[in-house]
Amino acid sequence: MTKVEKAVSLHDKGYNCAQAVVCAFAEDFGLDEQTAYKMSEAFGLGVGQMEICGAVSGACMLAGMKNSGGLENIGKTKAETYKINRAIADEFNQINESVICRELKGVQTGTVLRSCTGCIEDAVKIVEKYIK
C-alpha cells in the first residue's frame with residue numbers, strides 16, 4: 001500500500017485530514033500511531049476552525065519531525081524547518097488555489113476547490129517530495 005493509499009484509507013476509517021497524513025508516516029518518524037493520532041487530532045477541520053487545511057498542517061508537523069534538531073539544538077533548525085513549511089504550503093496552494101479549509105470546501109462561494117480526500121492525497125505527495 002502506498003502512503004497515499006494508506007492516508008486515504010485512514011481518512012475513510014474516520015481519521016481527520018491531519019491525522020490521516022501524520023499517521024500514514026508515523027512509523028517512518030519513529031512515532032507509534034496512537035501518539036501520532038492524538039497529537040494531530042486538534043489540527044483537523046483547519047485546526048477545528050476551517051483555517052489552515054488539516055492535511056497541510058499534518059504535512060508541516062512531519063516537516064518538524066524530519067528537520068528539527070530537537071532540544072539538543074534549540075533554535076538551530078527553526079529557519080530551515082520554516083522554509084520547508086513554506087515550500088509545502090506554497091506547492092499545496094499552487095495545486096489547489098488555497099490552503100484555507102473553508103475556501104477549499106467552498107463554504108462561502110459554494111464552489112469546492114478540492115475534496116478532503118484530494119487534499120490528503122496532495123499533502124502526502126508533497127511530504128514524499130520534501131520530507132521523505
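Against the condition surrounded by fewer than 18 Cβ atoms within 10 Å (Cβ to Cβ) and modelled with pLDDT under 95, how does residue 14 come out, does it pass? The answer is no for residue 14. Residues that are within 12 Å of the chain's Cα centre (by Cα) and open to solvent by less than 30 Å² (accessible area, probe 1.4 Å) were ranked within region 81-97; the one that is nearest to residue 115 (Cα to Cα) is 92. Please find, within region 32-80, the residue that is most open to solvent (accessible area, probe 1.4 Å) out of those that are small (Gly, Ala, Ser), in contact (Cβ under 8 Å) with a residue 12 or more places away in the chain and over 23 Å from residue 106 (Cα atoms). Ranking the qualifying residues of region 32-80, first place goes to 68. Is region 87-104 home to any residue that is within 20 Å of residue 24 (Cα to Cα), of a type outside the set (A, V, I, L, M, F, W, C) and part of a loop (DSSP other than H, G, I, E, B)? No, region 87-104 contains no residue that is within 20 Å of residue 24 (Cα to Cα), of a type outside the set (A, V, I, L, M, F, W, C) and part of a loop (DSSP other than H, G, I, E, B).
Does any residue of region 114-125 turn out to be more than 26 Å from residue 33 (Cα to Cα) and either touching a Cys at 6+ places or on another chain (Cβ under 9 Å) or part of a helix (DSSP H, G or I) (or both)? Checking region 114-125: at least one residue is more than 26 Å from residue 33 (Cα to Cα) and either touching a Cys at 6+ places or on another chain (Cβ under 9 Å) or part of a helix (DSSP H, G or I) (or both). If you scan region 103-128, which residues turn out to be within 15 Å of residue 91 (Cα to Cα), in contact (Cβ under 8 Å) with a residue 24 or more places away in the chain and open to solvent by 60 Å² or more (accessible area, probe 1.4 Å)? Selection gives 125, 128.
Counting the residues of region 6-32 that are in contact with a Cys (Cβ under 8 Å, 6 or more places away or on another chain) and of a type in the set (Ser, Thr, Tyr) gives 1. Inclusion of residue 131 among residues that are buried (at least 17 other Cβ atoms within 10 Å of the Cβ), in contact (Cβ under 8 Å) with a residue 12 or more places away in the chain, over 21 Å from residue 50 (Cα atoms) and not aromatic (Phe, Trp, Tyr) is warranted.
One residue alone among 31, 45 is aliphatic (A, V, I, L, M) and part of a loop (DSSP other than H, G, I, E, B), and that residue is 31.
The values are calculated or read from the model by the stated rules, or taken from the named source; none is laboratory data. Here the structure is a predicted model, which is why all the values come from computation and not from measurement. Quick reminder, even Gly has a Cβ in these numbers, built from the backbone with ideal geometry, and neighbours come from all protein chains shown. Ligands, DNA and RNA are stripped out before the accessible areas are found, and what is left, the full protein with its side chains, is counted by its heavy atoms. Shrake-Rupley method; radii C 1.70, N 1.55, O 1.52, S 1.80 Å.
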